[in-house]
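Structure first, commentary second.
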Amino acid sequence: MSSKYDVLVIGGGNAALCAAISARRGGASVLVLEGAPKFYRGGNTRHTRNMRCAHDAATEILTGPYTEEEFWEDLLRVTGGQTDEVLARHMISESKDILNWIVEQGVRWQPSLGGTLSLGRTNSFFLGGGRAMLNALYLTAERLGVDVEYDAEVTDLVIEDGMFLAARLKRPIRGETEIRATALVAAAGGFEANIEWLKQYWGEAADNFLIRGTPYNRGSILKMLLDKGVQEVGDPTQCHAVAIDARAPKFDGGIITRHDSVVFGIVVNKHAQRFYDEGEDIWPKRYAIWGRLVAAQPDQIAYIIFDSTVVTSFMPTLFPPIAGQTVAELAGKLELDPIALEKTITEFNAAVRPGTFDHTILDDCVTEGISPPKTHWARKIETPPYLAYPVRPGITFTYLGTRVNKEARMLMADGKPTGNMFAAGEIMAGNVLGKGYAAGMGMTIGSVFGRIAGREAAKHARN
Amino acid sequence: MHGTRILDEADRLMTVCNSCRYCEGLCAVFPAMEMRRAFSDGDLNYLANLCHSCGACYVDCQFSPPHEFNVNVPKTLAIARAESYAAYAWPRALSGAFARNGLVISIVAALSMAAFIFGFAAVNDRNVLFGVHTGPGAFYKLMPHNAMAALFSAAFLYAMLALVMSVRAFWRDISTPIGGRADGGSIFQAIRDAGELRYLHGGGVGCYNEDEKPTDRRKLYHHLTFYGFVLCFAATSVATLYHYLLAREAPYPWWDLPVVLGTLGGIGLIIGPVGLFMAKLRRDPALLDENRYGMDVGFIAMLFLTGLTGMALLVLRETAAMGPLLALHLGAVFALFVTMPYGKFVHGIYRFAALVRYAQERRTAA
Ligand SMILES: Cc1cc2nc3c(=O)[nH]c(=O)nc-3n(C[C@H](O)[C@H](O)[C@H](O)COP(=O)(O)OP(=O)(O)OC[C@H]3O[C@@H](n4cnc5c(N)ncnc54)[C@H](O)[C@@H]3O)c2cc1C
Ligand code: SF4
Ligand code: SF4
């Protein structure tokens, strides 16, 4: 291992590994510094399942087509237009090739098995999930001669006039605490695991947030870069947040703490009051709004309430539902006011109009005369046992990031591109995702910009 | 609550996996699990016997230890699987043989070998035991063919009976409706899946053994062992037919069918078990059911001994070593037969039954 590398990659997830592999294939010597221990390598990527890519025709693993234009429209819809159109369109067009490129790096796709997720057209699924995908990327990177250090948290960056010079480590590796490199790729994730930082925007409520992914994405690299004059992008309060089981661990509970039962029941807050139309749109399109909705409720807690008729309509859950033979008994177990909960359910039931229930489409089961309404899939909750899941906001990742251009090169506050600093993945996701989210885009952003960042960094280093 | 602690743990894991499903493309266990929301003891024993211990779902799982969810499917299913062997053993009185299996098997093996040596010595005089015998019927100077045939048929038939009774009990527990019949198509599918070890490949890249880098060698060694065993069995069957139908007496020349089959089989039974043993030594302890180490090694050792003594007999059959080697070989084969229903051999039978069940479920679901 030499003490100076062509390209230094900070991070150890999808974006970092795509960058490292692409830089190495571009002829550069590459070092990856992963702050986490080996088991936790790869941050949030460990928890992923799929990736969204445009494609012109059906393949072995995807039904199709999913055109660039349609991807763009989906992105436009979820972000409400808050996206950098040039970058986004560039990413979408590059995503087509990523489907194959990633396979060349040893990653395997799984034939879509149907199941409970209806994403067989837009998203490709990793065989064995995100950790399997990461294992394959690490194997390839190591085979190509990329050096990797674990437990190697970067604590400082030496940057002069927009030029990266060196990174400092908390733990000396092989006698060195300072690593110099000709180019930098920052792929160290967002700041979602940094509760103190979240509190700056969310106040004390952030104490009640659960972090779905790695505890190692504390945003330290992002902060250093912004402090040293890199231009910031995105609204710090915007993030991907879903409602997850309140019994989940504070960090790293992953995918299995989610609930997709909202459309089958009602959601109440700690005062046993409904607060939003549970039937607004089909899961998973609306899956990502409930995190924010719950975050806005008192004590950041809510309860999905349904009855025994629908338990087999959604994915089995890690934590069993809390059950009561009567609404009052259930309320007791949830520590809600039984009278208030009974009133809410009675009023809701009275407002339900007959219709033909079909949870795969926006059906005609609606309520009338209550606020908020339930505009689809409204059915009476009346068959005991009554069941509930307590939910809290589960933060997936944050959108505040570093501004980049099409080369994944960071821009300084004055708008000038930096000489040798590139960013990929969550740390620059806010360029594309101003708000909202569509399943699988996190990995697209990481792979596409990771590959570009690695290529450009190698090009710079070898000039 | 289940019958045993390991089934409770298996139930916990299947609940975790069922809400995750990332591994559904890796093997048959996960799709089978997805067909259920709650798991009976029989379901868990079925899933445990569907698992081929390829290790992929451990290496791929984001919740493996040290994660607090502590998900270790291969190890949990390995323990549950081993416990299921004892639970379904016939007669029940002998199910204890699984508890200290390595010891039981080595004692039975040592006793049978000794019995053959002493038997040969007692029935024949010294000169016969250590004499040089060649040509057809040479082996029967030491033990008459009919005695040999009677003894081994009895041992073999007993083993078959015990195995059939055990697997019947297992099938009752895993089939729906209870005791439901298996159809031909599913059996055929299961023969193909078992024959190619379809699910011992970590989802395509090979088996995971010492680390997160997959290699396919366990599958290769398993194939050598299994097909080696089958070839040896075929050699014995052909020889029996030769004897009774053609009146041709062993030993046969090297180019004759029983010897060719036996030689190929013997080679498989030497390389295969050694390879499996080495793989076991290297295997990440996190994936191993240490308590069953004795059972696995005992079975591997029996197969290896059978192969080795058989090959030694072939090479040295025209020397004075023939008598003792024949005693050792017959002792090994005898011990292998009588311990079959009470050792690792049953894994093949139960796994096959589980594969039949899986094929059947797939057909009904389709
Ligand atoms: C439960 C869950 C499920 C998800 N499912 C999907 C999905 O199916 N599809 C999808 O597209 N997206 C999904 N996402 C989002 C996706 O995980 C992220 O968008 C993606 O992983 C980001 O990749 P990344 O490489 O930028 O960051 P990460 O994979 O999070 O990697 C960041 C790395 O930086 C390291 N690091 C942080 N600070 C330092 C430091 N100072 N020094 C050194 N290293 C540091 C971390 O240890 C980590 O390895 C999911 C997220 C979660 C939490
Ligand atoms: S082993 Fe882990 S990754 Fe695989 S299905 Fe189970 S919980 Fe999910
Ligand atoms: S066969 Fe492999 S992937 Fe399947 S459960 Fe067993 S160890 Fe896991």
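Tabulated data
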| item | result |
| --- | --- |
| Scan of the range B:114-147 for residues that are in contact with a His (Cβ under 9 Å, 6 or more places away or on another chain) and closer than 25 Å to B:M340 by Cβ, ordered by number | B:F116, B:F139, B:L142, B:H145 |
| Unique residue being in a helix (DSSP H, G or I), in the same structural domain as A:I211 (by the TED database) and either open to solvent by 10 Å² or more (accessible area, probe 1.4 Å) or more than 16 Å from ligand 3 (Cβ to nearest atom) (or both) when the list is A:E94, A:E60 | A:E94 |
| Candidates A:V9, A:V78, A:V86 - the one that is more than 9 Å from ligand 1 (Cβ to nearest atom), in contact (Cβ under 8 Å) with a residue 24 or more places away in the chain, hydrophobic (A, V, I, L, M, F, W, C) and open to solvent by less than 20 Å² (accessible area, probe 1.4 Å) | A:V9 |
| Filter result (open to solvent by less than 30 Å² (accessible area, probe 1.4 Å) and outside any helix (DSSP H, G or I)) within the range B:118-135 | B:N124, B:G131, B:H133 |
| Helices (runs of 4 or more DSSP H) fully within the range A:195-306 counting 2 or more residues that are open to solvent by 20 Å² or more (accessible area, probe 1.4 Å), in the same structural domain as A:P37 (by the TED database) and not β-branched (V, I, T) | A:195-202, A:220-227 |
| Output for the range B:18-47, where each listed residue is within 25 Å of A:G130 (Cβ to Cβ), aliphatic (A, V, I, L, M) and open to solvent by 10 Å² or more (accessible area, probe 1.4 Å) | B:M35 |
| Odd one out for A:C18 among (1) within 13 Å of ligand 1 (Cβ to nearest atom); (2) under 24 Å from A:T402 (Cα atoms); (3) part of a loop (DSSP other than H, G, I, E, B) | (3) |
| Residue within the range B:196-216 that is among the aliphatic types (A, V, I, L, M), within 15 Å of B:G348 (Cβ to Cβ), surrounded by 13 or more Cβ atoms within 10 Å (Cβ to Cβ) and more than 14 Å from chain A (Cβ to nearest Cβ) present | yes |
| Condition check for A:T326: crowded, with 19+ Cβ neighbours inside 10 Å and more than 17 Å from A:I244 (Cα to Cα) | no |
| Per-region count, the range A:231-266, residues away from chain B (no Cβ under 14 Å) and without any contact (Cβ under 8 Å) to a residue 60 or more places away in the chain | 2 |
| Conditions (1) closer than 23 Å to B:V16 by Cβ; (2) among the small types (G, A, S); (3) open to solvent by less than 40 Å² (accessible area, probe 1.4 Å): number failed by A:A340 | (1) |
| Test for A:L184: is it within 12 Å of another protein chain (Cβ to nearest Cβ), at pLDDT 95 or above, open to solvent by less than 20 Å² (accessible area, probe 1.4 Å) and not in a loop (DSSP other than H, G, I, E, B) | no |
| Which listed residue, of B:T339, B:T306, is part of a helix (DSSP H, G or I) and out of contact with any Leu (no Cβ under 7 Å at 6 or more places or on another chain) | B:T339 |
| Lone qualifier among B:G331, B:G323, B:G310 - being more than 23 Å from B:H52 (Cβ to Cβ), touching a residue at least 60 places away in the same chain (Cβ under 8 Å) and touching a His at 6+ places or on another chain (Cβ under 7 Å) | B:G310 |
| Residues (within 29 Å of B:Y221 (Cα to Cα) and not in a helix (DSSP H, G or I)) located in the range B:25-39 | B:L26, B:C27, B:A28 |
| Odd one out for B:F63 among (1) farther than 28 Å from B:F334 by Cα; (2) open to solvent by less than 30 Å² (accessible area, probe 1.4 Å); (3) more than 16 Å from ligand 3 (Cβ to nearest atom) | (3) |
| Residue pairs meeting the criteria (Cβ under 7 Å; at least 6 apart or on separate chains; first away from every other protein chain (no Cβ under 13 Å) and under 13 Å from A:T48 (Cα atoms), in the range A:119-137; second away from ligand 3 (no atom under 14 Å from the Cβ) and open to solvent by less than 10 Å² (accessible area, probe 1.4 Å)) | A:N123/A:M51; A:N123/A:G440 |
| Residue match in the range B:236-248 (condition: without any contact (Cβ under 8 Å) to a residue 24 or more places away in the chain and of a type in the set (K, R)) | no |
| In the range B:252-298, the residues that are over 29 Å from B:R317 (Cβ atoms) and exposed (fewer than 15 other Cβ atoms within 10 Å of the Cβ) | B:M278, B:L281, B:R282, B:P285, B:A286, B:E290, B:N291, B:Y293 |
| Residues that are open to solvent by 70 Å² or more (accessible area, probe 1.4 Å) and either more than 28 Å from the chain's Cα centre (by Cα) or among the charged types (D, E, K, R) (or both), drawn from the range A:308-323 | A:T309 |
| Of residues in the range A:14-57 being of a type in the set (S, T, N, Q) and more than 16 Å from ligand 2 (Cβ to nearest atom), the one surrounded by the fewest Cβ atoms within 10 Å (Cβ to Cβ) | A:S29 |
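For every residue, the table says whether it meets (1) more than 10 Å from ligand 2 (Cβ to nearest atom); (2) within 14 Å of chain A (Cβ to nearest Cβ); (3) free of Cβ contacts under 8 Å to residues at least 12 places away in the same chain.
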| residue | (1), (2), (3) |
| --- | --- |
| B:T4 | yes, no, no |
| B:M14 | no, yes, no |
| B:A32 | yes, yes, no |
| B:A48 | yes, no, no |
| B:H52 | yes, no, no |
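Listed here are the residues, each with its yes/no results for (1) among the charged types (D, E, K, R); (2) open to solvent by 30 Å² or more (accessible area, probe 1.4 Å); (3) in contact with an Asp or Glu (Cβ under 8 Å, 6 or more places away or on another chain).
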| position | (1), (2), (3) |
| --- | --- |
| A:L139 | no, yes, yes |
| A:G145 | no, yes, no |
| A:E149 | yes, no, yes |
| A:E153 | yes, yes, no |
| A:L157 | no, no, no |
| A:G162 | no, no, no |
| A:L165 | no, yes, no |
| A:K170 | yes, yes, yes |
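Okay, residues lined up against (1) near ligand 3 (Cβ under 10 Å from one of its atoms); (2) aromatic (F, W, Y); (3) touching a Ser or Thr at 6+ places or on another chain (Cβ under 6 Å); (4) assigned by the TED database to the domain that holds B:N291:
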{"residue": "B:E9", "(1), (2), (3), (4)": "no, no, yes, no"}
{"residue": "B:T15", "(1), (2), (3), (4)": "no, no, no, no"}
{"residue": "B:R21", "(1), (2), (3), (4)": "no, no, no, no"}
{"residue": "B:A38", "(1), (2), (3), (4)": "no, no, no, no"}
{"residue": "B:L44", "(1), (2), (3), (4)": "no, no, no, no"}
{"residue": "B:L47", "(1), (2), (3), (4)": "yes, no, no, no"}
{"residue": "B:A56", "(1), (2), (3), (4)": "yes, no, no, no"}
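Every residue, every condition in (1) in contact with a Cys (Cβ under 7 Å, 6 or more places away or on another chain); (2) farther than 30 Å from A:V9 by Cβ; (3) not basic (K, R), yes or no:
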{"residue": "A:T326", "(1), (2), (3)": "no, yes, yes"}
{"residue": "A:N349", "(1), (2), (3)": "no, yes, yes"}
{"residue": "A:G355", "(1), (2), (3)": "yes, yes, yes"}
{"residue": "A:I361", "(1), (2), (3)": "no, yes, yes"}
{"residue": "A:W377", "(1), (2), (3)": "yes, yes, yes"}
{"residue": "A:E407", "(1), (2), (3)": "no, no, yes"}
{"residue": "A:V432", "(1), (2), (3)": "no, no, yes"}
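The values are calculated or read from the model by the stated rules, or taken from the named source; none is laboratory data. All values reported here derive from a predicted model rather than from experimental measurement. All Cβ positions, even for glycine, are placed from backbone atoms using ideal geometry, and neighbour counts span all protein chains on display. Areas reflect the complete protein model, heavy atoms only, side chains present, ligands, DNA and RNA absent. Shrake-Rupley method; radii C 1.70, N 1.55, O 1.52, S 1.80 Å.
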